[in-house]
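Where a number appears in this text, it was derived from the coordinates with a stated rule and is not lab data. Because the structure is a prediction, the values reported are computed rather than measured. All Cβ positions, even for glycine, are placed from backbone atoms using ideal geometry, and neighbour counts span all protein chains on display.
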Amino acid sequence: MLREGYPARTVRPTGRRTHEECSSGSTGRPFCVQEDAYTAGWYRASFMLALQWSGWGIGDPQLQMGMTLQRSRGRKAKDLLLRCHYVSAYDLRDAALDAHLERIDRSELRHVWGYPGAVYFLARRAAETGWCRELDAVVTWGDTLFPHFRKTIEAAFRTRVFDTYGCAEGMQISAQCGHSGLYHVHDLDVVVEYLDDDGEAVVSSNPGNLIVTRLHPGPMPLIRYRVGDVGVAGEPGCGCGRGFSTMDSIRGRETDVVVTPSGNRLIVHFFTGVLEHFPEIDTFQVTQERPDAILLRIVPGRGFDDRIRERAAVELTEKGADLRIEVETVDEIPPTPAGKRRFIVNRLPSSRS
Ligand SMILES: [Zn+2]
């Protein structure tokens with residue numbers, strides 16, 4: 001309903017200038033929200049707080065692996081202010097990873113931030129090449145930090161990983177403090193509920209659908225918004241002494257990686273980073289069954305035609321998907337039996353490495 005009613009029935013005036021943020025949303029379908037500086041200020045403050053829990057402070061330079069290579073004026077100002085070395089997570093070939101490691105060395109960076117999948121391949125490359133430098137902390141966001149990702153990153157960089165949890169709709173929800181495995185909810189900005197499929201609250205310690213309400217709603221209030229992930233509430237209290245409520249775990253962001261013949265690794269954000277700019281694509285799924293090809297299944301939206309189909313494939317290729325891309329349009333992409341969304345399905349025997 002939020003998608004269909006946007007913006008006429010979901011946006012209200014706040015007296016502030018608003019801007020639109022569009023993303024692939026929680027289900028892979030394009031989703032746009034309107035926010036103003038006040039709303040954005042709150043989730044950015046939550047995120048800064050989470051970064052500081054990792055031991056990072058303003059003034060400490062860091063390497064960030066990301067997909068927003070077109071740095072807007074605002075993003076450039078942020079990079080400058082926070083001393084961010086922003087590098088591409090589209091290209092995760094060994095040569096690119098070596099360049100990033102060299103940059104960490106040269107600029108004496110002690111903090112690395114980014115998607116778990118991207119940082120994992122950086123850490124694996126560091127271990128393979130005997131690169132040896134101790135980092136202060138790694139902060140991750142955006143998809144699942146698998147246990148083997150954490151283990152590899154922490155061993156290679158001799159540090160701790162602080163995972164954070166937010167949603168593409170412009171909310172920072174929770175972050176790890178480093179003392180325990182718990183995620184502290186940003187209670188000052190969001191309320192988290194855990195509900196079963198009938199909308200009833202689950203008994204604590206049972207997994208429930210995450211329902212989030214933003215306390216600083218701004219131009220587009222999100223009230224009891226179903227994020228699309230499943231989470232488990234944590235026990236109250238954490239040894240670190242922070243008073244915020246806690247989450248024990250988050251599920252639903254599990255996804256595979258596509259490996260190309262030239263050795264590039266395409267994480268889920270590679271595909272969403274390209275395809276979210278195609279409003280004509282409703283949702284998609286990528287399947288790899290052969291080393292040299294992928295099948296891109298698309299649920300077409302309004303305005304989708306052969307030209308869009310071709311342009312999507314060309315852009316994926318240009319960004320680093322150097323393998324054959326077969327495109328198929330389908331009416332729907334069924335969720336997994338557990339009801340989870342899955343953007344990438346890798347059926348190659350070696351895909352778990
Ligand atoms: Zn804590």
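The figures follow:
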| quantity | calculated |
| --- | --- |
| Volume per residue of the C-alpha convex hull in the range 1-134, rounded to whole Å³ | 136 Å³ |
| Whole-Hz ³J(HN,Hα) from phi, Karplus 6.51 cos²θ - 1.76 cosθ + 1.60, for the range 178-192, glycine and proline x | x, 7, 10, x, 5, 9, 8, 6, 6, 4, 6, 10, 9, 10, 10 |
| DSSP-loop GluC sites (Glu not before Pro) across the range 147-229, with at most 12 other Cβ within 10 angstrom | Glu200 |
| Distance histogram in 5 Å bins (all Cα pairs of the range 71-207, percent per bin) | 2, 9, 16, 18, 19, 14, 9, 5, 5, 2, 0 |
| The range 92-170: radius of gyration and largest Cα-Cα distance (Dmax), Å | 12.1, 40 |
| Segment His179-Arg302, extension gain: residue separation times 0.36 nm, minus the distance between their alpha carbons | 39.5 nm |
| For the chain, share of DSSP beta bridges that run antiparallel, in % to the nearest 5 | 60 percent |
| Separation in nanometres of the label points that stand 7 Å from Cα toward Cβ, at Lys151 and Gln52 | 3.5 nm |
| Rg to Rh quotient for the chain, alpha carbon positions, Kirkwood Rh | 0.94 |
| For the range 269-317 and the range 96-172, distance of Cα centres in Å | 28 Å |
| Net dipole in debye of the range 196-237 [+1 Lys, Arg Cβ; -1 Asp, Glu Cβ; about Cα centre; nearest 20] | 320 debye |
| Relative contact order of the chain, pairs being alpha-carbon contacts under 8 Å that are 6 or more residues apart, as % | 16 percent |
| Where only C-alpha atoms are counted, convex hull volume of the range 231-329 per residue in Å³ | 150 Å³ |
| GNM flexibility winner over the chain from Ile325, Ile153, Ile308 (Cα, springs under 10 Å) | Ile308 |
| Table column - 3J(HN,Hα) (Hz), the range 46-54, Karplus curve with 6.51, -1.76, 1.60, x for Gly and Pro | 4, 5, 4, 4, 4, 5, 5, 4, 7 |
